[in-house]
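Student: Quick one: structure below, then a few questions.
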Amino acid sequence: MSEFISANLPYLLAGISVGGQYALIAIGYTMVYGILRLINFAHGDVFMVAGLVMVTAAASLPIGVAIVLVIVATIILGVVIERVAYKPLRSAPRMSVMISAIGVSYLLQNCALYFTGGLPQIYPTIPFLSNSVTIGGATTKMVTVVTPILTLILIFALVTLIQKTKIGMAMRAVSKDFETSELMGIKINKVISMTFVIGCFLAAVGSMLYFTNYPSVIPTSGAMPGLKAFVAAVFGGIGSVPGAVIGAFIIGICENIIKGLGLTVFSDAFTFVLLIVILLVKPTGIFGEKATDKV
Amino acid sequence: MKKLLALLLAGCMAFALCACGTPAEPADDGGEAAATGDTIVIGVFEPLSGDNGAGGKQEVLGMQYANSVCPTVEIDGKTYNVKLEIADNESSNDKAVSAATTLISKNPSIVLGSYGSGVSIAASDTFAAAGVPALGVTCTNPQVTEGNDHYFRLAFLDPFQGTVLANFAKDELSATKVYCIGQLGNDYDQGLLNYFKQAAEAAGIECVVESFPENNSDFNSYLTNAKNAGCDAIFAPTSISYAQLIVEQAAAQGITMPMLAPDTWDSNVILGAAQGKDLAIYVSTFYAEGGDPEFEAGIKEWINADATNLANNGGNDMLAAVTVMGYDAYFTALEAIKNAGSIAAADVMAALPSTTLTGITGPIAFDDIGDAARDSAFIKTANCTNNVWDFVAVQGVQ
């Protein structure tokens, strides 16, 4: 029995860890969708840029300062993207905004290609997170243990913010009815900016955890995690924060179990089959229908 | 306000365009020289970005250094300036053809490249249609030169490399079961997995073969599979970006079984990832540092003199085998042009099969298929404390 556990625990650990990282990205998708009804395709690339900022910042600054800088820079980037690429299109058809988001995504990837010269950048070692730790006979990095705990703490804080604070109430109102809440005197721009601030903050934290585990940043690094987080958000019911988190953990864990079963070739295919199945069977996702769960 | 925003957006777009264009541009100056009489163009078809960007850049460095050593060639008493035209194939089979077309439009006498077999195979027809000979530098898949007259190559082949590594696993590591991992749909990875498996099974080694999808960065479960399957070595013919992740995650999981890898892993990027970790990494490659001290001193000085070159070599002056191969490729091309006595691509193609040369990596001569005859590979191991490659053995196929 103990042999079975020590042989299979690494899959579960890897799954929980990567699931937590997907969850942090997925919240950015789901919140922006909840408020703006926009699938922000650039979110995965914002995550990648956070990784690159860390590589650059850690080269010349102490790690503590670099971490703060990464978070601030990512938030600024997210808000600027919203102001430049989405806000002018707010009254345009929804499709235009989405195309604009795809444009931003490629813009970020190509800028990253320019800055890195196409070479993979080695992510700096964050002390403590990179330390080795042994759990039940399985050796892994500390980040594997920290990720799910940190994810849950952050999500608890976020849900409290949404449920208990004034800005949270404004968010919930805007997500229910955009026009009416504007008529009621809610400052739409402030609420939307706040959504991007939260989404990008979580993406920045997620990028630190993710790249500590997989320490190489290339311009397309954000594409796959971004897509999977998006699937997680849809799976959980897009617009729902707890749904996105649960969806992300399910995808992360299943992906790794499938690899463990020897079906490595199908690990990515699983994620997208799941997307198709959920859209066919329950288009609103697992938590989609409960309106109270919307951001 | 709206105008300002529109302006800002336009600025972003323009910037994006610059960003797309810049990396693909050749490093040297001069623009329209291709068509003039006393310039001869050598096309360089290499990945400067994407998964193989790091290796491609190092290979180009060898060619650029060779070009700086010998920038002219004399044909019939007339001196021609040699101009390298570099096109970035972005390590991607779908971008390869357009990069090749760009090169052809510059009228090259010969094309060098690529690092990575997939892109070479993809672009092969484009070169054939234009009647331009191509000289593969470190592409090792047999299909590159098989069944055509225009593609030649300097490197050894994957069946050879796979056998060398399988023999090494058997003789030196006494491996009984090897975990083999490569990227799905990558000609280089899958070719080597196949040849290694054949040779290993013939030598009585059991193989567990698994593949990972493109853009995968999570190798934890693969490594756990290797451990759970009871393997005593890992064979990973992957590109450098994945190799770096595999090395990092193996170290994090405390996996100490030796890792075997082909020529792609012979890079200072891998050394950087393995530094200070408890890992045993063996690579088969074309050249071991220390083979020609005079040449090495020259190229290191050249690399250190220019910040761009230094960055392209991964931040230090450690010499990768692909750089040396790039250097030899340039001189093989010059030799072929001299033998042809003409700058016309067709003449160079006709002269290539009989071209011989003593390069830094050994004597170079082509066989009937167009491959350089090589009968041994160097095996090196990563010294994780001193951050250098240590020479282990010269391994043949016997």
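What follows is calculated from the coordinates using simple rules that are stated; it is not laboratory data. Given the structure is predicted, the values throughout are model-derived calculations rather than measurements. Methodologically, a virtual Cβ is constructed for each residue, glycine included, from the backbone with ideal geometry; neighbour enumeration extends over all protein chains shown.
Student: For region A:91-172, rounded, prolate or oblate, judged on the Cα gyration tensor with a ≥ b ≥ c (square roots of eigenvalues), a/c < 1.5 rounded, else prolate if a/b > b/c?
Tutor: It comes out oblate by the Cα gyration axes.
Student: May I ask you to list the lysines whose Cα is less than 17 Å away from that of A:K228, ignoring any residue fewer than eight positions away on the same chain?
Tutor: Qualifying lysines at Cα under 17 Å: A:K259.
Student: Sticking with this one: For chain A, what is the calculated [θ] at 222 nm in deg cm²/dmol (nearest 500), taking -39500 (n - 2.57) for each run of four or more DSSP H residues and dividing by its residue count?
Tutor: That comes out to -24500 deg cm²/dmol.
Student: Does region A:1-64 come out rounded, prolate or oblate by the C-alpha gyration tensor, with a ≥ b ≥ c the root eigenvalues, rounded set by a/c under 1.5 and, if not, prolate when a/b is larger than b/c and oblate if not? Intermediate results must be reported in sequence, preceding the final value.
Tutor: Working: a/c = 3.92, a/b = 1.35, b/c = 2.91.
Here region A:1-64 falls in the oblate category.
Student: Moving on. Within 11 Å, Cβ to Cβ, of B:D367, how many net charges do the neighbouring residues add up to if Lys/Arg are +1 and Asp/Glu are -1?
Tutor: With Lys, Arg at +1 and Asp, Glu at -1, the neighbours total 0.
Student: Normalised by the residues of region A:29-123, what does the relative contact order come to in percent, with Cα pairs under 8 Å and at least six apart?
Tutor: 40 percent
Student: As a test of the formula, what do you get for chain B when each DSSP H run with n ≥ 4 contributes -39,500 (n - 2.57) and the sum is divided by the residue count, at 222 nm and rounded to the nearest 500 deg cm²/dmol?
Tutor: Numbers: 13 runs with 167 residues, N = 398.
Theoretical 222 nm ellipticity from helices: -13500 deg cm²/dmol.
Student: How big, on average over all directions, is the shadow cast by the Cα convex hull of the protein assembly as shown, in nm²?
Tutor: 31.9 nm²
Student: Which of rounded, prolate or oblate describes region B:203-282 when judged by the alpha-carbon gyration tensor and an a/c cut-off of 1.5?
Tutor: Rounded, because the longest to shortest axis ratio a/c is under 1.5.
Student: Place a +1 charge on the Cβ of each Lys and Arg in the protein assembly as shown and a -1 charge on the Cβ of each Asp and Glu, then give the dipole magnitude about the Cα centre in debye, rounded to the nearest 20.
Tutor: Numbers: 34 positive and 57 negative charges, 867 e Å.
That gives a dipole near 4160 debye.
Student: In terms of Cα to Cα distance under 23 Å, which lysines are near enough to B:K170, apart from those fewer than 8 places away along the same chain?
Tutor: Of all the lysines, those that pass the test against B:K170 - Cα under 23 Å, at least 8 places apart if same chain - are B:K197, B:K227, B:K380.
Student: Continuing with this model, one more query. Below 19 Å, Cα to Cα, which lysines can A:K166 reach? Residues fewer than 8 away in the same chain don't count.
Tutor: Straight-distance partners of A:K166: A:K176, A:K187, A:K190, A:K294.
Student: Also, I was wondering about something else. Quick check on the exposure proxy: order B:V144, B:V132 from fewest to most C-beta atoms within 10 angstrom. Could the numbers behind the result be given before it?
Tutor: Values: B:V144 27, B:V132 22.
Ascending Cβ contact count within 10 Å gives the list B:V132, B:V144.
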